[in-house]
Every structure is written in C-alpha cells, then in structure tokens.
Amino acid sequence: MRTNAYLWTAGVAELALTLLGAVVALSEDWAKSHRIEVLVAFVAIGGCAMFATAKYAERSSSEVSSLLTGGNTFCYFDVIGQQFPPIIGSVRKNGEGPLYNVKMKLQAFVPAGGGGGAYFGRGRINCLIGDMPASNKPAFGDISLSSFDLKDRDSIDFDVAFEAQNGYWNQKLCLRKVDGRWVRATKVFRIDYGVKLYGQAKSKPIFEDIPADFPPANISWSSNSLLYH
C-alpha cells in the first residue's frame, strides 16, 4: 500500500517536470526572459515531491518499527472473575501491534494487622509470557497465584513489572472486597530509564481503570516494582 503511494507520488512529480520541460523547450525565448520563474517552479515541484516522499517514508518506518518491536502496545495483569481466594491470573494485551519476548515479575501484598498502612509481601513470581501476536484475543495464558496464599483477604495489591522488546512498564493492581465481591483498580506506567539505568528513570501513566465503586483508599500508585527490572 505504501509502496504504491510512493510510486504514485514519484510518478506525478516526474510527469510535472516533464510537462514543464516541454513548455520551456517550445518557447526558448520566453524561458530565457523568465528563467527565474522557471527555476522557482522547478524547485517548488521538486520540494513538494521530496516532502511527500519523506512523509510516506516516515510513516512506513514507524509502521515497520511497530511490527518489529511492538510500538506503543503493552499488556497488563488481571485477576479474572470473582475468585475467592484469587488463584488464577492472566495477562491482557492493549494495542493493535504484537509484543515480543514478554517477561513479567509479579509481587503480592496484603495489609498488616492493626492498620497504619503497612503491608506484608506474600512472595514474588517470575513469568516468561513470550510473544503475544497482533490479535484481539482478550487474555493470554493462566498464571497460578496459589504460592501467594491469599485466603481470607479483603484487600490485595499486586505490583507488576513488564519487560518486552519495545521497552519497560510497571503496573499496580488493587483488589478490594465490597459487598462480597472484588472491585479492581489498576494503573500502568511506561518506564524510560534514559541513558543511565535507574539514575534517570522516569515513569509516564499510559493506562488506568478505576471504577466509581472502588472504595476510597490511600494507594501509592508509584509502584516499587521499578526496582524489579
């Protein structure tokens, strides 16, 4: 498709230059007396052709990069349905492009007794998700959460760190039990490490899903999973 557009642009430019050359040849005296106008016309036509070609090349390069690396596509962790306790999780893809060599590090936290905002870690698991094709498939694979021992919990937080061919991103997923059912809230942050690993790391929010019925809580969305990479 892009190749046809490129050829069409080049063809139009070539035809325009040919017609202009023919006009100049038929009226040499006119051309001599209007050589500046002729030169400006040649430059304008050539410039338009180069601009159009550069734009098509830029778009094509971006599309090729997206296909090769995944572009802005990302994935996130989710606990499907109403599981008591949560024992199976899954990974959902967001974006039209594929993802390659996806790795995930997942850590679970539960509130410590007595309040105060303290949390206890329930362990961590590492998962090699692999490649996720460019499709509308809602979820990829089952991830066992049994090692976290999440029985009889009303509040669970997951810190998640992802790595793929197109970069790094972190996620915070919070589960709260409301009227006997789980209500979920999540945020995803793209991580840019800059030139110095960790020294210049910056996070940018790229996705969030916080329902209106999620109970008010002091949640630190700046997940410490930044350290996992």
Would you check which residues across the range 142-156 are closer than 17 Å to CYS174 by Cβ and assigned to a loop (DSSP other than H, G, I, E, B) and list them? LEU145, LEU150, ARG153, ASP154
Would you confirm whether any residue within the range 110-132 is under 25 Å from ARG181 (Cβ atoms), under 21 Å from the mean Cα position of the chain (by Cα) and of a type outside the set (Phe, Trp, Tyr)? no
Does ILE125 satisfy the condition of being assigned by TED's automatic domain parsing to the domain that holds ALA217, under 27 Å from PRO216 (Cα atoms), touching a strand residue (DSSP E or B) at 6+ places or on another chain (Cβ under 9 Å) and touching a residue at least 12 places away in the same chain (Cβ under 8 Å)? no
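Results for (1) more than 17 Å from ARG190 (Cβ to Cβ); (2) modelled with pLDDT under 90; (3) crowded, with 18+ Cβ neighbours inside 10 Å, shown as yes or no for each residue.
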| site | (1), (2), (3) |
| --- | --- |
| PRO85 | yes, no, no |
| ALA112 | yes, yes, no |
| LEU150 | yes, no, yes |
| PHE162 | no, no, yes |
Test SER135 against the stated conditions and say whether it is farther than 14 Å from LYS93 by Cβ and without any contact (Cβ under 8 Å) to a residue 60 or more places away in the chain. no
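The values are calculated or read from the model by the stated rules, or taken from the named source; none is laboratory data. Keep in mind that this is a model prediction, so the values were computed, not measured. Virtual Cβ from ideal backbone geometry, glycine too; neighbours counted across all protein chains shown.
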